[in-house]
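Scroll down for the structure; my scribbles are underneath it.
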Amino acid sequence: MKVPFVSFLPMERELKSEIKGAFERVLERSWYIEGAEDESFEKAFADYIGAKYCVGVGNGLDALVMALKALDIGSGDEVIVPANTFIASVLAISYAGATPVLVDPEADTFNIDPEKIEAAVTDRTKAIIPVHLYGQACKMDRIVEIAEKYDLKIIEDCAQAHGATYKGKTTGTFGDAAGYSFYPGKNLGALGDAGAVVTDNEALEKKIRALGNYGSDYKYHHIYKGNNSRLDEMQAAFLSAKLPILEKMNDERRRVAQRYLTEIKNPAVVLPYVNEDCVHVWHVFAVKCDRRDELEEYLNSRGIGTNKHYPTPVHLQECYKDLGYKEGDFPVAEEISRTELSLPMYYGMTDEEIDYVIESINRF
């Protein structure tokens, strides 16, 4: 049997008529940027998250960059970010002109350790970017407390956490703004690159919208040195076709995760920890294994797709040598990078596929 790491086919088959209808609707209107589809999706997604405003942008990286710039964070400023995350979380800080300050994660949740944030605060710190990694929310009450104490902004990175909650509140609603990616593999994915920023701040919404439109508040009038990053009508239409079943897709991910959590019994495999204060959306099901590379090779030989998130932590990437970090500076992030392996997780996995993954791991 072959079990891919991810497959879009079950979802796309289910929504085939809706996706085709979205395409034809946009084609019929012959309007491709900043139109009715974008406006409709922005309102629907803001309502889903529980935010007042949503601004569609080109991708998740742009979402974070424009949120930082809109908050006037740039040269000379520092932004705290977890040491184990996809590099886009850190690149956004660099693109805004600020300096990333890395903090080790918690060993169990893989999320930024709130108790290590305060020690990283300096008189140059302007913001915190908590990343809700793999679909589980960070401990936002403590992070908000620290931000308020030091007058710091919070920009949530929700690229992997569409619909996740912490203590009953949806991620993306704790800070000043939140960035979302709709890359095709996300829980809510477009059919290409796409992203969004959500916020409750009207002035921030207007500035982010202008920044993504060449810094223009109206045609040929430019108040900021902006860039071109807008959610196009076609992707907005595709996202509108998928949004109504996002909760159903998240529920299915939770079903798969629950089977993994209860039926994987191999003592060599450490299962993910679920914080009881969180509703996890399982963008990634990440296990740890001291023999990670052997486990990966074994599963791949049995036709089971896997991935490693992320095999080289940010501080050891060549492009961030200038930060001056060295091996050993973030031991938890480094340990995760050596041992983490992601198992197949997607909407539409069959019981037979789940059985096969569980059986294979238990036989390792």
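The figures follow:
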| quantity | calculated |
| --- | --- |
| Cα centroid separation - region 25-46 against region 178-222, whole Å | 14 Å |
| Over region 103-257: Kirkwood hydrodynamic radius from C-alpha pairwise inverse distances, Å | 17.1 Å |
| Spatial separation of Cα centroids for region 1-19 and region 294-364, in angstrom | 23 Å |
| Whole-percent carbon and sulfur share, accessible surface of the chain, 1.4 Å | 50 percent |
| Whole-number D in µm² s⁻¹ for the chain, Kirkwood Cα-pair radius fed into Stokes-Einstein, 37 °C, 0.692 mPa s | 156 µm²/s |
| By accessible area with a 1.4 Å probe, ligands and nucleic acids excluded, highest first: order of 261, 299 | 261, 299 |
| Stokes-Einstein D (µm²/s) once Rh is taken as the Kirkwood radius of region 35-169 over alpha-carbon pairs, at 25 °C in 0.890 mPa s | 160 µm²/s |
| Solvent exposure, largest accessible area first (probe 1.4 Å, DNA, RNA and ligands not counted), of 89, 75, 40 | 75, 40, 89 |
| Distance from region 48-117 to region 229-248 (C-alpha centre basis), Å | 23 Å |
| About the Cα centre, charge dipole magnitude for region 142-263 (Lys/Arg +1, Asp/Glu -1 at Cβ), debye | 160 debye |
| Solvent accessible area, Å² - residue 262, 1.4 Å probe, full protein context | 70 Å² |
| Where 156, 14, 296, 276 fall by accessible area, highest first, once all protein chains stay in place (1.4 Å) | 276, 14, 296, 156 |
| Solvent-accessible area of residue 214 with every protein chain in place, 1.4 Å probe, in Å² to the nearest 10 | 110 Å² |
| Simple label model, 7 Å out from Cα along Cβ direction - residue 7 to residue 214, nm | 4.6 nm |
| Computed log₁₀ I(q)/I(0) - Debye formula, equal Cα scatterers, no solvent, region 67-141, q 0.15 Å⁻¹ | -0.46 |
| Selection from 134, 103, 92, by position along the positive dipole direction of region 89-167 (Cβ) | 92 |
| Along principal axes, Cα extents of region 269-364, largest first, whole Å | 48, 35, 21 |
| Mean accessible surface per residue for the chain, computed with a 1.4 Å probe while every protein chain stays in place, in Å² | 43 Å² |
| Prolate/oblate/rounded label for region 1-106 (Cα gyration tensor, a/c 1.5) | oblate |
| Residues of region 131-165 with amide N under 20 Å of a point placed 7 Å along Cα→Cβ from residue 276 | 136-142, 165 |
| Residue-level accessible surface for residue 152, protein heavy atoms, 1.4 Å, Å² | 20 Å² |
| Pairwise Lys count, region 92-174 - Cα closer than 14 Å, eight or more residues apart or different chains | 5 |
| Inter-probe distance in nm under a simple model that places probes 7 Å from Cα toward Cβ, at residue 251 and residue 108 | 2.9 nm |
| Debye log10 I(q)/I(0) for region 204-262, one point scatterer per Cα, at q = 0.20, 0.26, 0.30 Å⁻¹ | -0.77, -0.95, -1.05 |
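The values are calculated or read from the model by the stated rules, or taken from the named source; none is laboratory data. The structure presented is a predicted model; accordingly, all values stated were derived computationally and were not measured. For neighbour counting, all protein chains shown are included, and Cβ atoms are generated from backbone atoms with ideal geometry for every residue, glycine included. What goes into the accessible areas is simple: the full protein's heavy atoms, side chains included, and nothing from ligands, DNA or RNA. Shrake-Rupley method; radii C 1.70, N 1.55, O 1.52, S 1.80 Å.
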